[in-house]
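Colleague: First the structure, which I've put down as structure tokens, then a few questions once you've had a look.
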């Protein structure tokens, strides 16, 4: 059993100062967990369905109970032992995940439809009045004012990838409420107008590729093209789907697909990798690459002229799993029920706390629960085995908003903290596994279908 250790966690490379924070005094009560009797109980009785229910309901709290108090948007991170940490910092991508999580909350009965509509009205009004840069939102926004909070020295403008994650959620909001009451239909229209205001084509610099950032102060100084394979496929889908600011297919072919260079013939543990993972060609990158673009975009039967993305994601997941089972680094507890390497909080080699994109190519002995949990559509048996392991160790791994972000049995360490971009995929992908809710909503959108057709899917 992992001994609980309390840390004040900060991104070592992304330190920020947030002034003018509003009082935030919500003090959670411990959730009543099934099987939580004697501390000596080693094998609590809980079914798969109960465990999925529990994980979704508790993870939902991140986007409801611990949302930004002013805007209703998703806080970048939440530290239960230091609630003021990151107070007032709203993340665009995490807010997109939060929009989708709220829809799950309605369907699962965690909140009423009326409560959700009220929260969503506040949130969409915030997004409408927040800073935008040729239609794109910044990575971070001040929850009280909507003004940009620089993510780094040069990143103080539009972030097209975070914007795409947010747009994915807005499309789902539009589809969910479009046939509802007058108030709901107005909400749906507002969501539709918001994402359609993004000037996707501006971010090409008149080249056949999309670029990640633009700043009114630094222009395209970061100059980061979006090329596969990584987490940014959804950016090209949303850009192609845009009615007024669309991109040509050549932008996708040359940019994302590198004119066919995206393909890979590499195989690990008997699974073809299929695509060339940027910087991780041997075993594949962190598992969030199989999650973020596919929260709404349904990878089942999703193929372009180069690859089948369902096969890509299943194989990526299984390679990550098999690597942990093989455990070439001899890390404690790695195995069939303790696996999952992705970007999360991390324990650095010198014992300090940071953030790391864990993968088989970058394995530091840290397991991120979101990796296995969010992979449940691709590897349900393996994912559930991991969830049961996390639950058995719930005294250490389970907090007020679901499973903590990361842990290491080898170093007797738990990151008692949460990140929006790690919590969101858990509740969403579990729901896609159970009912296909977000996949059905997103794929049912006419503009999305037009974009997919334009790109040759």
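Every number in this text was worked out from the coordinates using simple rules, so none of it is lab data. The structure presented is a predicted model; accordingly, all values stated were derived computationally and were not measured. FYI the Cβ positions are ideal-geometry reconstructions off the backbone, even for glycines, and counts take in every protein chain you see.
Colleague: Which order do 77, 300 fall in if you start with the one that has the fewest other Cβ atoms within 10 Å?
Modeller: With the sparsest Cβ surroundings first, the list reads 300, 77.
Colleague: May I ask you to give the average projected area over all directions of the convex hull of the Cα atoms of the stretch 160-251, in nm² rounded to one decimal?
Modeller: About 6.5 nm², averaged over all directions.
Colleague: Now a separate question. Rounded to whole Å and sorted largest first, list the principal axis extents of the Cα atoms in the chain.
Modeller: 61, 52, 42
Colleague: Let me ask another. Work out the FRET efficiency for residue 152 and residue 349 from their Cβ-Cβ distance, taking R0 = 25 Å, and round it to the nearest 0.05.
Modeller: So the FRET efficiency works out to roughly 0.60.
Colleague: Using the number of other C-beta atoms within 10 angstrom as an exposure proxy, rank 55, 246 with the fewest first.
Modeller: Fewest to most other Cβ atoms nearby, the residues stand as 246, 55.
Colleague: Just to be sure I understand the model, the point goes 7 Å from the Cα along the line to the Cβ. What's the resulting residue 308 to residue 250 distance in nm?
Modeller: 3.2 nm
Colleague: Based only on other Cβ atoms within 10 Å, what is the fewest-to-most ordering of 76, 175, 128?
Modeller: 128, 175, 76
Colleague: Round to a whole angstrom and tell me the spacing of the C-alpha centers of the stretch 73-137 and the stretch 363-420.
Modeller: A separation of 23 Å, based on Cα centres.
Colleague: Would you mind pulling out the separation of the Cα centroids of the stretch 147-223 and the stretch 295-351, in Å?
Modeller: Here the answer is 28 Å between Cα centres.
Colleague: Percent of Cα-Cα pairs per 5 Å bin, from 0 to the last occupied bin, for the stretch 176-319, please list those.
Modeller: The calculated distribution, bin by bin, is 2, 9, 16, 18, 17, 14, 10, 7, 4, 1, 0.
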